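Worksheet: one structure, shown below.
The values are calculated or read from the model by the stated rules, or taken from the named source; none is laboratory data. No experiment lies behind these values; they were computed from the predicted model shown. Ideal geometry is used to build each Cβ from the backbone, glycine not excepted, and the neighbour counts take in all protein chains shown. Surface accessibility is based on the protein's heavy atoms, side chains included, excluding ligands, DNA and RNA. Shrake-Rupley method; radii C 1.70, N 1.55, O 1.52, S 1.80 Å.
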Amino acid sequence: MSLPERRLRVGTRSSRLALWQTDHVVARLEGAWPGVVVDRVTMSTLGDRDTARPLSRIGDKGLFTRDLEDGLRSGTIDLAVHSLKDLPTEPPAGLRLGAILAREDSRDALVAPAGARLTSLPPGARIGTSSLRRQAQIAAVRPDLRIVDLRGNVPTRVEKVHAGDIEAAVLALAGLRRLNLESEVAEIFDADRLVPAPGQGAVAVQIRADDEALGTLLAPLNDRNTAVETTAERALLGFLEGGCQVPVGAFARRASSNELHLVGLVASLDGRSTIRREARAVVMGTEDAAALGEALARDLLDAGAREILAAIRQSALPVSRSNGDQS
């Protein structure tokens, strides 16, 4: 298909990881359509500006996406690049996903000195993460560790370990790989040990709902398998009405050409109560994937997640298992 030249403005956060993801999208888009030129517009989000408070105390809707979405609606930008796990599951008014790119490894990783393992960290060791999902699952395995709320971009968090501010940190493996920091990884957690965040490792492109021409341009970037897997994960999260204030994990993968395997987890903030369930189904597209995610969410609720979530939501402010240090 030949299209006339078009100049686009893409909105992105300013972190190294966000810029890498945006450059990746731009390269794919310009490679697919030589007549297209994309200008980068760096924007700041609430999650970037408020680095003093834990994420769970700021709010749970669009911390890293809302400002870019406002830019789309105002016409300041034509498309926005996000980490899919940052996007709320409820579609924002007037906007839609134009593409979900093939994702990197969705697992979490331990950043620590070489040879360290989560099970071998000394009692009382400080381990950093900004995610309640990770905090709860770490606490379930090592309740003796001091879990420190860890903010900042990926290199900053890695540097906290090097500086001795903390003994270890848990980060998404995808981000470490994209920034050539995989050498910092001491251990990788499979989903049977640490269930990832829904959509983790995937990059999403958001556009205005009525921009059909841009939707056509982005179609070659969309990865069907990733879209199906992350749709199941996000449907589970959406049905549970989860966000950064609720420890929810979900991980889906193709078990065969048409069968999808989905793992879901809900945990109490202290990790003492953990509900984990799995499901498999023949999935032909995103509608089937969404149905599988909602079915597993119902199973989790019936298995005890309903009580866990109710207890968390009754708390005015979720209490992070932090020792009070901020980073």
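Once the Cα atoms of helix 132-141 and of the chain are each reduced to a long axis, what angle between those two axes, in degrees from 0 to 90 to the nearest 10, is obtained?
The answer is roughly 40 degrees.
Hull surface divided by four, with the convex hull built on the Cα atoms of segment 226-299: how many nm²?
For the Cα atoms of segment 226-299, the hull's average projected area reads 4.5 nm².
Rank-order 198-207, 290-299 by packing density, defined as the average count of other C-beta atoms within 10 Å over each peptide's residues, highest first.
Most protected by this proxy first, the peptides run 198-207, 290-299.
Calculate for the chain the 222 nm mean residue ellipticity that helices alone would give, adding -39,500 (n - 2.57) per DSSP H run of length 4 or more and normalising by residue count, nearest 500 deg cm²/dmol.
After summing the helix terms and dividing by the residues of the chain, the value is -9500 deg cm²/dmol.
Any idea what angle helix 16-32 forms with the longest principal axis of the chain, computed on alpha-carbon atoms, 0 to 90 degrees, nearest 10?
30 degrees
Summing +1 for each Lys or Arg and -1 for each Asp or Glu, what net charge is found among the other residues whose Cβ lies under 13 Å from the Cβ of A289?
Neighbour charge sum, excluding A289 itself: -1.
Please name which of N222, Q245, A235 has its Cα lying farthest along the dipole of segment 214-255 towards the positive end, using unit charges on Cβ (Lys, Arg +1; Asp, Glu -1) and the Cα centre as origin.
N222
Hey, what's segment 109-259 come to in accessible area per residue, 1.4 Å probe, Å²?
On a per-residue basis, 35 Å².
Need one number: % antiparallel among DSSP beta bridges in the chain, to the nearest 5.
The answer is about 70 percent antiparallel.
What GluC sites (Glu not before Pro) in segment 241-287 are in a loop by DSSP, with at most 14 other Cβ atoms within 10 Å of the Cβ?
Counting only loop positions with at most 14 other Cβ atoms within 10 Å, the GluC sites (Glu not before Pro) in segment 241-287 are E241.
Please express the Cα-Cα pair-distance distribution P(r) of segment 190-323 as a list of whole percents, one per 10 Å bin, running from 0 to the bin with the greatest distance.
Pairs per bin, as whole percents: 12, 39, 30, 15, 4, 0.
Over the Cα atoms of segment 125-255, what is the Rg over Rh ratio if Rh follows Kirkwood?
In segment 125-255, Rg relative to Rh is 1.02.
Starting from segment 134-206, pick out the trypsin sites (Lys or Arg not before Pro) whose DSSP state is loop and whose Cβ has at most 16 other Cβ atoms within 10 Å.
R193
With N denoting the number of residues in segment 118-183, provide Rg(C-alpha) divided by 2.2 N^0.38 Å, to two decimal places.
After normalising by residue count via 2.2 N^0.38 Å, the value is 1.07.
Work out how much length R66 to A311 would gain on full extension: take 0.36 nm times their residue separation and subtract the Cα-Cα distance, in nm to one decimal.
85.4 nm
Take the chain, drop everything but the C-alpha atoms, weight them equally and run the Debye formula without solvent; then report log10 I(q)/I(0) at 0.10 Å⁻¹ to two decimals.
-0.57
Take the solvent-accessible surface of the protein heavy atoms, probe 1.4 Å, and return the percent of it on the chain that carbon and sulfur atoms account for.
After summing per-atom areas, the C and S share lands at 49 percent.
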